[in-house]
1. Mind checking the dipole of the range 245-348: about its Cα centre, +1 per Lys or Arg Cβ, -1 per Asp or Glu Cβ, Debye to the nearest 20?
2. Report the Cα centroid-to-centroid distance between the range 56-91 and the range 140-206 in angstrom, as an integer.
3. Defining a contact as two alpha carbons under 8 Å apart and six or more residues distant in sequence, what relative contact order in percent does the range 115-186 show?
4. Based on the alpha carbons, how large is the Rg to Rh ratio for the range 155-212 when Rh follows Kirkwood?
5. Please compute the modelled spin-label separation between residue 264 and residue 220, points set 7 Å along Cα→Cβ, answer in nm with one decimal.
6. Going by the alpha-carbon gyration tensor, a ≥ b ≥ c the square roots of its eigenvalues, is the range 245-348 rounded (a/c under 1.5) or, if a/c is not under 1.5, prolate (a/b greater than b/c) versus oblate?
7. Based on other C-beta atoms within 10 Å, arrange 270, 66 from fewest to most.
8. Relative contact order for the chain using alpha-carbon pairs under 8 Å, separation at least 6, rounded to a whole percent?
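Laboratory data are not the source of any read-out in this text; all were calculated from the coordinates shown. These figures come from a predicted structure and were not determined experimentally. Using ideal geometry, Cβ is built from the backbone for each residue, glycine included, and neighbour counts are taken over all protein chains shown.
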Amino acid sequence: MGVIKLPGSSLEFFKSNLDEIFETGSLAEGPWNQRLSDLAQTYCGTTCAIPTTSNGSGLMALLHLYKEYRHRTEVLIQSNTMYGVKTLVNAAGLTLSGFIDCNPLTLMPSLRDVETALEDRSNTATLIVLLSHIGGIINPEMDAIASLCQERGVTVIEDCAHSFGATLNGKHSGAFGDAGAYSFYATKAVPAGEGGIVVTNDEEIGRALTDYVKYDRFNQLMNIGVNIRMSETQALLVYSVAKEVGEIIDNKSKIAARYVEACQELGIRYIDQEAQYTRGNYYKFIVLAENGSIADALPELKTMTSKVYDYCLGKSHIITTNHACLPIWYDQPPEVAEGVVAELTMSRA
Ligand SMILES: Cc1ncc(COP(=O)(O)O)c(C=O)c1O
């Protein structure tokens, strides 16, 4: 695991509110879950936001709910995503019915890739497309992909594990499809150790999820549900970090600016997180090989963080070798980026 630093203001906020949780004895199902939900709802612009123990538990719950209430039984996921997206679909008891190819320049499916995946499916009434936004930006074709799926009657669930704070045309991830789930896992763009938040404008599903996360033990109307609630101490921690998302992204943007300058000077392709209409959160800073492998294109580049990803679930194998991730974390000392720039420069000499 790489270096994880949090803004000082997050830590101070966390510490100054922690005692109250113990003094009031409100360790679960208390005000911090509500405050976090309000923060995410306002920030992401969705009508519902429900804290969960993780992104994965939130996605599993969504799959259960779309199966129970919308008769969805099959799921397509993208080739290039975290291995656990496959396991969580199987664990949810839905059928994993295929993998959507990914564009090597964005590491995510293009509109054409999704069209191809839907081409030979006559019955889309039972289908969910579960798409992961990779590396800190929202899939640049997400609007068109969501429209296509809507026309075809396909449910779209967004895996927003990497994308808290990212926008496309001013819209946050999770608001393009039917629902989405964020991750606040220790290494994510906005890290708080563990935690997730599901966002949706589908109010029926949002209400059902609110009850699902507590076994529907009060209303006792649902057949499904489990405890995937966030504890109050965790909700306070996620809140403390999430409220500083702007500061975290601004800080990382300054580090990214150094890489952008070097890549432009040296003619190295990179994924632009500040292109027109796009605002990424710099979860990763990704450099790409024009053709072939990044190891061949940048032989002196040794200082890297983990790829997204170095394995492939479907057919987009080129992605495992065509990219590298440069170190970028909150409050990263300038000498780290300078060292990386030196390696990039030597690679081009
Ligand atoms: C693309 C992607 N999806 C989902 C997850 C799962 O997130 P969590 O650990 O919060 O369940 C991760 C985390 O590694 C991820 O990278």
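1. Roughly 340 debye, rounded to the nearest 20.
2. 13 Å
3. 32 percent
4. In the range 155-212, Rg relative to Rh is 0.99.
5. In this crude spin-label approximation the distance works out to 6.5 nm.
6. Cα axes put the range 245-348 in the oblate bin.
7. Ordered by Cβ neighbours within 10 Å, fewest first: 270, 66.
8. Result for the chain is 23 percent.
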